1. Only Lys, Arg, Asp and Glu count, each charged at its Cβ (+1, +1, -1, -1), so figure out the dipole size of the chain about its Cα centre, rounded to 20 debye.
2. Note down the relative contact order for region 61-299 as a percent, whole number, built from C-alpha pairs under 8 angstrom at least six residues apart.
3. Using only Cα atoms, figure out Rg for region 34-93 and give it as a multiple of 2.2 N^0.38 Å.
4. Can you tell which of 120, 82, 16 lies farthest toward the positive end of the dipole of region 1-127, using +1 and -1 charges on the Cβ of basic and acidic side chains (Lys, Arg; Asp, Glu)?
5. Kirkwood hydrodynamic radius, computed over distinct alpha-carbon pairs, for region 163-297: how many Å, to one decimal?
6. Given the DSSP H assignment, sum -39500 (n - 2.57) over each helix run of at least 4 residues in the chain and divide by its residue total; what's the result at 222 nm in deg cm²/dmol, nearest 500?
7. Could you pull out which residues in region 346-370 have an amide N less than 17 Å from a spot 7 Å beyond the Cα of residue 44, following the Cα-Cβ vector?
8. Measure nothing but the geometry: give the 0 to 90° angle between the long axis through the Cα atoms of 341-355 and the longest principal axis through the Cα atoms of the chain, rounded to 10°.
Amino acid sequence: MKDLFAKIYKDKGPLGKWASQAEGYFVFPKLEGEISNRMKFQGKDVITWSINDYLGLANNPEVRKVDAEAAAAYGSAYPMGARMMSGHTDLHEQLQNELAEFVGKEASYLLNFGYQGMVSTVDALVSKDDIIVYDVDSHACIIDGVRLHMGKRFTFKHNDIASLEKNLERATKMAEQTGGGILVISEGVFGMRGEQGKLKEIVALKKKYNFRLFVDDAHGFGTLGATGAGAGQEQGVQDDIDVYFATFAKSMASTGAFIAADKEIIDYLKYNLRSQMFAKSLQMQLVVGALKRLDMLRTMPELKQNLWKIVNALQSGLKERGFDIGTTKSCVTPVYLKGSIPEAMALVKDLRENHGIFCSIVVYPVIPKGLILLRMIPTASHTLEDVEQTLVAFSAIRTRLEDGTYKRVSAKLIEMMGE
Ligand SMILES: Cc1ncc(COP(=O)(O)O)c(C=O)c1O
């Protein structure tokens, strides 16, 4: 019989196999200093374009003060126990009420982490007779939630309404046999390429098909819509989203998340969400911190305005210089270049070491072979000077990519590493 670990010793997995070349630099890099537009990487100052602190709240002095006071008042233990048992407080309830109001829903419920919360919400919303229809490019937490589903599921092509409709037809036929219902899942903003989910078009299909819509708006919350209520508000269909999800890990610059829906649905979920029933309550310092952040989202529209000033400058600057930024309709700013993985590594090294620019890099198998995706997250804490410096750097690295410099450098690198 094989040792259980035999496969682990042999194969580290699609990402783990790059660990010896990538760890500490391309993956698990250590960014140091206060979270802001400029931080330190391996002792060098870098402009950071890889942190989802959209509204620049992570290091806002008022936010830091409230966080520190809450930590002093409550420590990190309080309240102990799951919400249902001994972990429920007035402030948890207050935050839920304020979040629900902010996103225009009757009620909301807190989640300790967005990821687990999404998995658990999908699990709680469907029974084995129900059918899930979801976008093929969904975030891992949606996919993992769907994995728990005991019944049928269909994917539709990314943001492709004709494909969604085809799958809704199939799902409808199937649901008529099983006696179940249909849950459609999409995202407000797809975090890798920045496209908004076609919520308006999806909602329009409700006239023809009977389904409920669940939207993960991790990147839309706080960044899109007139008041920052997200992609549904931006597209004028917030009321037609049956279950709305957002995390505190992005615009709120914290930890935690929530779902919002009609009161009856939230009442059901709070008795059936396994990730909350069997896990400790969101700790008080995070609840107090979230109340403060939400207040700032509500009362300081300039945060979102500053964010979009930077987004617009960065995206239009890239386009003017002929960069391909795909079809983004959000703050997420992808830059697509052509090259191999070793070239991508050399390029990112050049960006960080010689130009002081830190952004995330995405390569095959996440995107097609031969493409390099530099994923940039503009925030309200960036400046127009950061944008200008970055645009100059991007033009320089493109020249070196095209004239074969990175090919030559990476050939040496690969040889040195015995690849
Ligand atoms: C689209 C999306 N959904 C869910 C999550 C998970 O949220 P959390 O970090 O709160 O677990 C993320 C990442 O943060 C995300 O990008």
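FYI, it's all coordinate maths here, none of it is from the lab. Just so it is clear, the structure is predicted and the values come from calculations on it, not from any experiment. Cβ placement follows ideal geometry from the backbone for every residue including glycine, while neighbour counts extend to all protein chains displayed.
1. 1140
2. Averaging sequence separation for qualifying contacts and normalising by length gives 29 percent for region 61-299.
3. Taking N as the residue count of region 34-93, the ratio is 1.60.
4. 16
5. 16.3
6. -13000 deg cm²/dmol
7. 346-361
8. Compared with the principal axis, the helix lies near 80 degrees.
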